1. Quick one: in region 32-61, which of the residues that are modelled with pLDDT of 80 or more and small (Gly, Ala, Ser) is surrounded by the fewest Cβ atoms within 10 Å (Cβ to Cβ)?
2. Looking at 29, 88 in this structure, which one is modelled with pLDDT of 85 or more, more than 30 Å from residue 148 (Cβ to Cβ) and part of a loop (DSSP other than H, G, I, E, B)?
3. Among the numbered criteria (1) modelled with pLDDT of 80 or more; (2) out of contact with any Leu (no Cβ under 8 Å at 6 or more places or on another chain); (3) in a helix (DSSP H, G or I); (4) not β-branched (Val, Ile, Thr), which one does residue 156 miss?
4. What tally of residues in region 130-153 results from selecting those that are in a helix (DSSP H, G or I) and among the hydroxyl-bearing types (Ser, Thr, Tyr)?
5. Residue pairs, Cβ under 7 Å, 6 or more apart or interchain, first in region 122-138 and under 15 Å from residue 152 (Cα atoms), second surrounded by 13 or more Cβ atoms within 10 Å (Cβ to Cβ) and basic (Lys, Arg). List them.
Amino acid sequence: MGRGKEGKFFQFCLDHVKAYNATYNYFAGMNDEALAAYAKQEEIGHRPTWKLGVNSKAARMAQRGRVAGGAAGPEVQDGFNIFGARSGQEASKPESRVGILARKALDTLGLDDSADKAAIKARYKELVKRFHPDANAGDRSREGTLQEILKAYQTLKAQGLV
C-alpha cells in the first residue's frame, strides 16, 4: 500500500498489478531533506549504529569490571589474544614456528611442529620406503599417498625446514 503501511497489501489482478507498479513511487510526497535522510540511512541498511564503546552492553560490561584496562576478563573468550595476555595468565600455547603449509606437510608425514631436520628426513625415508611401488611388489595402489609424501617433503624443503 505504500510508505507507512508496510505489511498491508492491495488485492489486484495481474494486469492491475502491472499498471499500479508502473505508476508507483515510494518517494512521492517526500521533500529533499526527507530524501537525503532516507539515502543516509540506506548506507547502513536502516539499522541503528553506535560509536565504538558507546552501546549499552559494552558500558554495562565495563561497569561490572569484565573489561578492565583493555584486557579481557574471564567472561570474554579471547582465542586469538586480541585483548592481550590476561593478568596472571600466560598465552595458552606458544606460537608455532611453522606456517600453515608447513604444518599441513608435517601432518602428511605424521609429525608435529616440534620435529627437527633429522626427524623429518628419517620419517620421509621411512614413508618412501614403505609406499614405493618397488617395495610393494609393483603394486601401484598407494602411488597417490607416495605423491602426497613427496609433495609434503618438497614443501618442507622450500620452507627451509629440511
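The values are calculated or read from the model by the stated rules, or taken from the named source; none is laboratory data. Everything numeric in this text was worked out from a predicted model, so none of it was measured. Using ideal geometry, Cβ is built from the backbone for each residue, glycine included, and neighbour counts are taken over all protein chains shown.
1. 45
2. Every option except 29 fails the conditions.
3. It is condition (2) that residue 156 fails.
4. Residues meeting the conditions: 2.
5. Between residues of region 122-138 that are under 15 Å from residue 152 (Cα atoms) and residues that are surrounded by 13 or more Cβ atoms within 10 Å (Cβ to Cβ) and basic (Lys, Arg), the close pairs are 131/142.
Here's the yes/no breakdown for (1) among the small types (Gly, Ala, Ser); (2) loosely packed, with under 10 Cβ neighbours inside 10 Å; (3) at pLDDT 90 or above:
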position: 63; (1), (2), (3): no, yes, no
position: 81; (1), (2), (3): no, no, no
position: 100; (1), (2), (3): no, yes, no
position: 106; (1), (2), (3): no, no, yes
position: 115; (1), (2), (3): yes, no, no
position: 138; (1), (2), (3): yes, yes, no
position: 148; (1), (2), (3): no, no, yes
